[in-house]
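Have a look at the structure below, then the notes.
Just so it is clear, none of the values below were taken in a lab; they were calculated from the coordinates. Values in this document were obtained by computation on a predicted structure and should not be read as measured data. A quick note on method: Cβ atoms are made from the backbone with ideal geometry, for glycine too, and the neighbour counts reach across all protein chains shown.
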Amino acid sequence: MTWSPKTGPAQGVDITAAHVERYVQQRLAEQKAPATVNREVGALKQALNLARRQGRLSRVPYIAMLREDNARQGFFERAEFETVADSLPDPINDIARFAYFAGWRKGEILPLRWEAVDRSAGEVRLRTSKNGHGRILPLTGELADLIERRWTKREYRTPDGLTHVSEHVFHARGRAVVDFKKAWARACKAAGVVGRLFHDLRRSGIRNMTRAGVSRKVATTISGHRTEAIYARYDIPDDDDLKDAVIKTQAYVDTLPKAPASSIAAAIRPSRSKPLIASNS
């Protein structure tokens with residue numbers, strides 16, 4: 001007996017670990033991603049656990065989940081990013097710049113309101129984020145210039161000709177930007193980096209902080225990562241990083257003595273041909 005979400009055994013008691021394993025292998029043979037298979041099998045696992053809690057099953061078979069490797073490795077070098085940003089319409093260009101320099105998530109940037117921005121103190125205060133914790137982003141350099149630029153663009157006109165002030169930092173006719181997939185795809189195509197994701201800007205911002213020598217504790221506070229383990233998934237070295245590591249290692253090795261340790265020891269060992277203490281005779 002084989003199992004599937006639609007045509008499997010009618011009774012949960014009929015499902016065994018062997019049934020699930022055969023189903024998993026069948027889905028993998030159909031070129032389904034491990035994450036997709038896990039979601040399907042996970043739904044079955046939840047249903048069986050619920051049935052057991054309700055007393056309809058005495059036991060639940062062991063169901064192993066597939067290993068998922070979904071960590072992407074897309075990054076923008078500065079020149080690539082500038083080319084894409086220059087091809088984006090306003091205010092999406094500034095949304096992208098904020099993501100690149102701050103390393104924030106898109107879901108944190110798009111709904112950002114002016115009430116969270118303290119221009120006099122030079123800070124953006126995010127009350128809560130994906131991880132449930134707020135944080136503070138200092139505004140300096142490019143980020144400070146960006147916020148001042150957005151401040152001058154708060155006003156917008158309604159169809160009836162009236163002028164209003166938007167409460168959103170990044171707005172389109174007063175409303176928060178929600179989706180810009182088409183504009184993003186066009187800009188990436190124009191820049192010759194088809195397939196790059198907006199989320200790659202977050203990865204790039206985090207890697208830039210690491211390259212700049214920012215400590216992980218500070219960088220995770222800015223980016224909003226709760227743990228260094230999650231942060232490390234974004235800090236992926238590229239070919240230039242690896243080459244730089246080899247160059248630095250070679251430079252260090254070149255400072256080390258080249259003579260064998262035995263030769264060095266012999267050179268500094270006191271001669272035994274003469275007594276160490278002069279004789280009194």
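Mind running the shape call on the stretch 78-234? Use the C-alpha gyration tensor, a ≥ b ≥ c as the square roots of the eigenvalues: rounded below 1.5 for a/c, prolate if a/b tops b/c, oblate otherwise. Since a/c reaches 1.5 but b/c is at least a/b, the shape of the stretch 78-234 is classed as oblate.
For L110, L44, the sequence from fewest to most other C-beta atoms within 10 Å is L110, L44. Give K32/K217; K182/K217; K45/K181; K106/K153; K217/K258; K153/K181 a once-over and call out the pairs whose C-alpha atoms are over 31 Å from each other. Beyond 31 Å: K32/K217; K182/K217; K45/K181; K217/K258.
Neighbours of A85 by Cβ distance under 9 Å: Lys/Arg scored +1, Asp/Glu scored -1, total -2.
Just name one of I92, V41, I109: the one whose Cα is farthest towards the positive end of the charge dipole of the stretch 20-163 (beta-carbon charges, Lys/Arg +1, Asp/Glu -1). Positive-end residue among those listed: V41. Remark: the stretch 42-53, residue by residue, has Karplus-estimated 3J(HN,Hα) of x, 5, 5, 4, 5, 5, 5, 5, 5, 4, 5, 5 Hz, where x stands for each Gly or Pro and the curve is 6.51 cos²θ - 1.76 cosθ + 1.60 at θ = phi - 60°. Backbone amide hydrogens, once placed in the peptide plane, bring E123 within less than 5 Å of D118, L139, excluding anything fewer than 5 places away on its chain. Charges were assigned to the Cβ only: +1 to each Lys and Arg, -1 to each Asp and Glu. The resulting dipole of the stretch 99-199 about its Cα centre is roughly 500 debye.
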